[in-house]
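Colleague: Pasting a structure below so you can have a look.
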Amino acid sequence: MPDTMLPACFLGLLAFTSACYFQNCPRGGKRAVTDTELRQCLPCGPGGQGRCFGPSICCADALGCFVGTAEALRCQEENYLPSPCQSGQKPCGSGGRCAANGVCCSPESCVIQPECREGFHRLARAGDRSNATQLDGPAGTLLLRLVQLAGLPDPKPATPGGY
């Protein structure tokens with residue numbers, strides 16, 4: 001009896017370990033990934049204008065790239081989808097794709113790449129929404145005043161007794 005248990009346990013263990021080692025196995029097994037077409041990555045950013053380039057990178061043609069910001073939070077959902085995706089126009093850098101005007105992004109980071117300037121005809125205008133913080137009211141007034149003070153020439157030293 002013990003002589004037959006060892007081969008039976010070995011075969012059972014082999015059956016369990018021969019499964020797909022990916023965390024999210026695609027339909028049809030490991031090799032089925034090459035058979036499926038790449039889908040476009042999830043939309044992200046303000047108004048869903050951008051596309052995910054990694055778990056914390058969201059880029060849009062007109063807005064540029066958001067890295068590690070609230071606009072890129074939706075991109076973390078991409079990790080839980082079973083099918084692969086691809087964003088961007090043409091390949092650039094080392095494993096990246098052109099994401100915005102002059103920006104090449106891989107799933108980990110973005111870099112400035114001159115080869116990515118082609119194909120992005122629209123430049124951002126002053127009235128467009130951007131990644132900059134909008135300051136209205138007292139905060140904007142205070143910031144403007146500080147900038148004006150920083151640009152003034154050094155004040156004359158005080159004379160003794162002239163207070």
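Colleague: Using the Cα atoms as the points, what is the convex hull volume per residue of the stretch 35-121 in Å³?
Modeller: Given the Cα convex hull of the stretch 35-121, per-residue volume reads 90 Å³.
Colleague: Roughly what would the spin-label model give for Ser109 and Leu81, points 7 Å off Cα along C-beta, in nm?
Modeller: That separation, rounded to one decimal, is 2.6 nm.
Here, each number is a calculation from the coordinates, and none is a lab measurement. No experiment lies behind these values; they were computed from the predicted model shown. All Cβ positions, glycine included, derive from the backbone under ideal geometry; neighbour counts span all protein chains shown.
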